[in-house]
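Following: one structure in C-alpha cells, then a few remarks.
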Amino acid sequence: MAELNNIHSVTEMPEGDDAKCSFHHRMFLEPQEKKSSLKALVVKQAKKTCSCTPDKVKDHVLGFFPVLQWLPKYKLREYLLGDIMSGVIVGVLLVPQSIAYSILAGVEPIYGLYTSFFASIIYFIFGTSLHISVGIFGVICLMVGQVVDREIQRAGYELEPAALSILSAAAAPGNSTISPLNQTSQELLCDKSCYAIRVGATMTFIAGVYQVAMGFFQVGFLSVYLSDSLLSGFVTGASFTILTSQVKYLLGLDIPRSSGIGSLITTWINIFRNIHKTNICDLITSFLCFLVLIPTKELNEHFKSRLKAPIPVELVVVVAATLASHYGKLRETYGSSIAEHIPTGFLPPHPPDWNLIPNVALDAVPIAIIGFAITVSLSEMFAKKHGYSVKANQEMYAIGFCNIIPSFFHCFTTSAALAKTLVKESTGCRTQVSGVVTSLVILLVLLVIAPLFYSLQKCVLAVITIVNLRGALRKFKDLPKMWHLSRVDTVIWMVTMAASSLISTEIGLLVGVCFSMLCVIFRTQRPEAPLLGWVAESETYESLSAYKNLQTKPGIVVFRFEAPLYYINKECFKSTLYKQTGVNPVWVKAAKKKAAKTVLKEKKSGGNQTDISMDFASEPLGFHTIVIDCCAVQFLDTAGIRTLKEVCKDYREIDIQVLLAQCNPSVRSSLIRGEFFKEGEDHLLFHSVHQAVAFALGVKGH
C-alpha cells in the first residue's frame, strides 16, 4: 500500500481576528505508484531505441534531415520571390564581409568565401530554422584568429626572412636530416598562409565534432548556462578586441598581432609605439570609408520599413576602393597594404592535420559552445516570432556539420550571425532556399569575380569589420534600462564584458559563466524572507514589508522563505527566522534554565527574589504558532531537513508549534524520507497558509 500524505484541510474559514475554526477534517493524498526499477527503465529505453520499424526509420530520417519535411511543402508562387530577393541581398553583403573577416581569422580572403559558401548549403540540409543566416561571425573569427596566430608563431613562421630562408633550404631534398624549429622539414614546405588555414580547418573540425557529440548526447540544455546578459556582455567585450585588432590596418602599421592574456592592452601599446609610422594613404582611405559607410548604414536602419532592400553600401565601397587603388597605384606609390591575389575556383579537399589536434583541442571548446549558443538563441528567437518550433539538439547537429564538412574544404568555424539574419528576414526570406541563393551568389564570385579584388586595400576591409560592430557597442546605451530591470544581470554583463576585453575572450567567457552561477548561489544564500499578513476578505497572505493594510492573526506568525533550503543557506534560514519572529528558542531555553537555577538558589538561601524569577521564566512570548510558507522552497537536501527538524524541536520545547504550508510534492517526499513526521507528533502539512492559520486559531480556541 502506498504511503499516505496526511494533510489538514479546513471547511469553514475565519472571517476576522476573533473568529474560530469550527470544524477540521484530514485530507489524504495517495502518492502515484513509483515507476519501474532503474533496470526495467533502462531495458525499456534500450528496446525503444534499438527497435526498428518503417515508421521509426522515417521519423529518424525526417528528423535528421529537416529539409525533407518542409521542402515538399514549399509554396513556389508564395515563397520563391522573397527567398530569391533575400538570398541575393545577403549574398551581396556577405562578399565583402567574408573577405574582411578572413583577415580577422588570420587567413587569406578566399577562405572566407569558401566558408560562407559551404555553411549556407549545409545548414539548408540539416537546420531546423527557416530564417537564420549561418556563416562567418566576428567573435568566432576573432577566437579562430588568435589560435591561428599562436600556432604560426609556434611553428616558426614569424621568424625573420633570413632565418626562414635557412630553414626552407634545410627542408630541401638532401637535407631531410635537419629539422627546423618546432616543425619537421616536410611541414615547412607549406607556407604561412597554407599553415594558417590548416590550423583553422583543424580547429573547425574539432569544434564541429564537439557540437555533434553534444547533439548526440542531447546536452542542448547547456545553453541555459549562457544567459542573454552573459552572451551580450561577451560579444561586446570581444568587439573591443576585434576593433583593437583592426586599428593597425586603419593606420597602415606593420605590427605583430598580440594574443593571450591582456592582448588588448598590449596591442594598444604597440600601436602608440609605432604611430609615427602611420601610412597617410591608408589613414585617409579609412576616414573616407567611415564617412560613407556609417551614415549609409544609419539610413538603412532608419528607413528599413520603407526600403524594400538595404543599400549594399559595403559592396559599393569595396568596388570603388578597388578601382581607386588599382588606377591610383596606391601600393606602388604609397606602400598601402592590399588583399593581393584571390584565386578562382576551389582548392582540392584536404583532411585536417591530425598532428595539430592536441594543440587546438582545448581552444575548440569555447568556440563550439559559443557557436552553438548563438545559433540556438537566434533560431528560437525567430521561430517564436514566426510561429514554428526548432529542435536544440538538431541545431547542434546542423552547426556541427556546418563545421565538420567544410573543414575538409579549407574553411574556418561558422555560426549564426544576428545582423545578417535580420537582413535576411526583413527582405522577404520564407525558407532556407534563400541560403542556397546566397551560396550561388558567392559561387559566382568564387568562379569569376574574386581576382578583381587584387588591389583592394586591407584598411577598407578593416573599416567594414569595425562598422559592423556598431550593434554590439550600442549595448552601452541600453545599460540604464538594463540596470532598471535587473541589477544582477547588469553586473553580469559588465563583468563578462570587462573580462572578455581586458583578459582574453576564452577566459572572459569562463569568468562570465562562473560569475553568473555565483550570482545565483548568492541569491539563494541570502534570499528574501518576509513575515506575511492577511489580505482582508480573502485567503491570501502577502509580505508585510511590501504591502500596506495587511492584518495579522493574534498569536500567529507567518514566515516565508523564498529559496530552496539546503546546506548553503540553512544558517541564514535559522537566523532570519529568529530575527523576524523576535524569538530565538535557544536563548529562551537558556534564559529559562538560568531562571530555574536562580529559583533554586533563592529557595536554598531563603531570599525574596523567587517570585520575580518565576515571573521571568513564565513570561509570554507573544505568539504560540509559527506558520512557515514553503511555496518558494523548491527542494530540500539533508541539511535542510535537519534544519527544519531542529527548528521545530527547539520551538516545541518553548511551547510554540511550527506548521508547514504549501509544500510541493518534492518537499513533502523529502520530509517523509527524512523521517520529519514521527508518530504522535503534531507536525502537520497544509495546502495553504490560510488553512494553517485557521487550524492554529481553532486549536487554541477549543
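The values are calculated or read from the model by the stated rules, or taken from the named source; none is laboratory data. Please read these numbers as outputs of a predicted model, since none were measured by experiment. A quick note on method: Cβ atoms are made from the backbone with ideal geometry, for glycine too, and the neighbour counts reach across all protein chains shown. Accessible surface areas use protein heavy atoms only, side chains included; no ligands, DNA or RNA. Shrake-Rupley method; radii C 1.70, N 1.55, O 1.52, S 1.80 Å.
Here are the numbers for the structure shown:
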quantity: Residue within the range 65-72 that is assigned to a helix (DSSP H, G or I) and open to solvent by 50 Å² or more (accessible area, probe 1.4 Å) present; calculated: yes
quantity: Index of the failed condition, Ala163 passing every other in (1) open to solvent by less than 60 Å² (accessible area, probe 1.4 Å); (2) at pLDDT 85 or above; calculated: (2)
quantity: Exclusive hit being closer than 30 Å to Cys281 by Cα and surrounded by 19 or more Cβ atoms within 10 Å (Cβ to Cβ), set Thr465, Thr490; calculated: Thr465
quantity: Where a residue in the range 483-505 is without any contact (Cβ under 8 Å) to a residue 24 or more places away in the chain and over 20 Å from Arg257 (Cβ atoms) and its partner, wherever it lies, is of a type in the set (S, T, N, Q) and open to solvent by less than 50 Å² (accessible area, probe 1.4 Å), with Cβ under 6 Å and at least six apart; calculated: Trp483/Thr490
quantity: Top-ranked residue in the range 124-147 [being over 22 Å from the mean Cα position of the chain (by Cα) and within 13 Å of Ile399 (Cα to Cα); ranked as most open to solvent (accessible area, probe 1.4 Å)]; calculated: Ile125
quantity: Yes/no for Val491 being touching a helix residue (DSSP H, G or I) at 6+ places or on another chain (Cβ under 7 Å) and assigned to a helix (DSSP H, G or I); calculated: no
quantity: Of the criteria (1) in contact with a Leu (Cβ under 9 Å, 6 or more places away or on another chain); (2) under 30 Å from Pro366 (Cβ atoms), which one Leu531 fails; calculated: (2)
quantity: Residue in the range 317-325 that is touching a Gly at 6+ places or on another chain (Cβ under 9 Å) and open to solvent by less than 80 Å² (accessible area, probe 1.4 Å) present; calculated: no
quantity: Condition met for Glu298 (touching a helix residue (DSSP H, G or I) at 6+ places or on another chain (Cβ under 7 Å) and either loosely packed, with under 13 Cβ neighbours inside 10 Å or closer than 27 Å to Gln146 by Cα (or both)); calculated: no
quantity: Selected residue [assigned to a helix (DSSP H, G or I), within 19 Å of Ile125 (Cβ to Cβ), among the hydrophobic types (A, V, I, L, M, F, W, C) and open to solvent by less than 20 Å² (accessible area, probe 1.4 Å)] from Val95, Val57, Val61, Val90; calculated: Val90
quantity: Tabulated pairs, the range 88-113, first touching a residue at least 60 places away in the same chain (Cβ under 8 Å), second acidic (Asp, Glu) and open to solvent by less than 10 Å² (accessible area, probe 1.4 Å), C-beta under 6 angstrom, 6+ apart or interchain; calculated: Pro96/Glu314
quantity: Some residue of the range 497-507 being within 21 Å of Thr244 (Cα to Cα), more than 15 Å from the chain's Cα centre (by Cα) and open to solvent by 50 Å² or more (accessible area, probe 1.4 Å); calculated: yes
quantity: For Thr413: the one exception among (1) open to solvent by less than 20 Å² (accessible area, probe 1.4 Å); (2) in a loop (DSSP other than H, G, I, E, B); (3) more than 26 Å from Val235 (Cα to Cα); calculated: (3)
quantity: Qualifying position, being open to solvent by 20 Å² or more (accessible area, probe 1.4 Å) and closer than 29 Å to Ser377 by Cβ, among Ser263, Ser227; calculated: Ser227
quantity: Identity of the residue in the range 442-455, open to solvent by less than 30 Å² (accessible area, probe 1.4 Å) and part of a helix (DSSP H, G or I), that ends up nearest to Gln97 (Cα to Cα); calculated: Ile442
quantity: So Cys459, is it more than 29 Å from Val67 (Cβ to Cβ) and either in a helix (DSSP H, G or I) or open to solvent by less than 30 Å² (accessible area, probe 1.4 Å) (or both); calculated: yes
quantity: Sole residue being over 20 Å from Cys630 (Cα atoms) and either among the hydrophobic types (A, V, I, L, M, F, W, C) or modelled with pLDDT of 85 or more (or both), chosen from Val535, Val588; calculated: Val588
quantity: Qualifying residue in the range 339-355 (condition: without any contact (Cβ under 8 Å) to a residue 60 or more places away in the chain, open to solvent by 20 Å² or more (accessible area, probe 1.4 Å) and part of a loop (DSSP other than H, G, I, E, B)); calculated: yes
quantity: Answer residue from the range 378-396, given it is charged (D, E, K, R) and open to solvent by 90 Å² or more (accessible area, probe 1.4 Å) and is nearest to Gly63 (Cα to Cα) among those; calculated: Lys391
quantity: Filtered residues of the range 538-576 (kept if closer than 26 Å to Ala639 by Cα, open to solvent by 40 Å² or more (accessible area, probe 1.4 Å) and either at pLDDT 90 or above or not aromatic (Phe, Trp, Tyr) (or both)); calculated: Glu562, Ile568, Lys570, Glu571, Ser575
